[in-house]
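A quick write-up on the structure given underneath.
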Amino acid sequence: METTAFKGTPVHTCGHLPHIGSQAPRFTLTRGNLTELRSEELKGRRIVLNIFPSLDTAVCATSVRKFNQLAASLDNTTVVAVSKDLPFAQSRFCTTEGIENLIAASAFRTPEFAKEYGVEMVDGPLAGLLARAVVIIDETGRIIYTELVPEITHEPDYEAALKILR
């Protein structure tokens with residue numbers, strides 16, 4: 001169990017982010033068109049998992065916009081924006097915002113994702129949603145970067161993530 005915060009109040013997660021150097025847990029998520037996105041489809045690419053509670057919050061929406069901008073300049077890298085929002089809401093957001101450089105994917109059908117990546121919040125007002133985190137997986141499927149953002153209402157450390165990818 002790890003601890004983040006929501007407006008200064010401690011919030012616990014269901015486990016721990018995967019350790020740097022470990023093999024990334026396989027995942028299956030749901031795309032906006034309701035098809036599955038399997039981690040195996042991204043094999044041989046670097047994967048940035050931008051994990052967050054909901055696109056219906058300003059900070060989450062900002063992180064998706066920023067990672068969309070950053071993804072455009074990254075070679076052999078796929079950014080996956082992951083929340084438990086319904087795929088329809090994710091698609092609507094991406095269309096409205098002109099998000100084209102990343103894959104929006106929902107964990108609403110696959111509770112295993114939240115547990116295997118240790119990002120489900122188990123208490124606090126957002127219990128059941130995903131904590132704000134960034135996980136980067138290299139081309140071989142190993143974890144090379146993790147960040148559990150210490151305060152849910154704050155953005156992730158984009159520069160630290162980019163430094164790993166450069």
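Test Ser54 against the criterion of being touching a residue at least 40 places away in the same chain (Cβ under 8 Å), within 20 Å of Glu147 (Cα to Cα), touching a helix residue (DSSP H, G or I) at 6+ places or on another chain (Cβ under 7 Å) and open to solvent by 10 Å² or more (accessible area, probe 1.4 Å), and give yes or no. Quick ask: steps written out before the conclusion?
On the way: touching a residue at least 40 places away in the same chain (Cβ under 8 Å): yes; within 20 Å of Glu147 (Cα to Cα): yes; touching a helix residue (DSSP H, G or I) at 6+ places or on another chain (Cβ under 7 Å): yes; open to solvent by 10 Å² or more (accessible area, probe 1.4 Å): yes.
So Ser54 passes the test.
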Original post:
How about region 79-91: which of its residues are open to solvent by less than 20 Å² (accessible area, probe 1.4 Å) and either farther than 17 Å from Pro53 by Cα or more than 14 Å from the chain's Cα centre (by Cα) (or both)?
Top reply: Pro87
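Quick grid of which residues meet (1) out of contact with any His (no Cβ under 7 Å at 6 or more places or on another chain); (2) open to solvent by less than 30 Å² (accessible area, probe 1.4 Å); (3) under 16 Å from Thr78 (Cα atoms):
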{"position": "Gly118", "(1), (2), (3)": "no, yes, no"}
{"position": "Val122", "(1), (2), (3)": "no, no, no"}
{"position": "Val135", "(1), (2), (3)": "yes, yes, yes"}
{"position": "Arg142", "(1), (2), (3)": "yes, no, yes"}
{"position": "Ile152", "(1), (2), (3)": "yes, yes, no"}
{"position": "Arg166", "(1), (2), (3)": "yes, no, yes"}
Subject >> Residue among Arg38, Arg46, Arg65, Arg92 that alone is free of Cβ contacts under 8 Å to residues at least 40 places away in the same chain and in contact with an Asp or Glu (Cβ under 7 Å, 6 or more places away or on another chain) >> reply: Arg65
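The values are calculated or read from the model by the stated rules, or taken from the named source; none is laboratory data. Please read all numbers here as calculations on a predicted model, not as lab measurements. With ideal geometry, Cβ positions are generated from the backbone for all residues, glycine too; neighbour counts draw on all protein chains shown. Quick note on the areas: whole protein, heavy atoms, side chains included, nothing else; ligands and nucleic acids left out. Shrake-Rupley method; radii C 1.70, N 1.55, O 1.52, S 1.80 Å.
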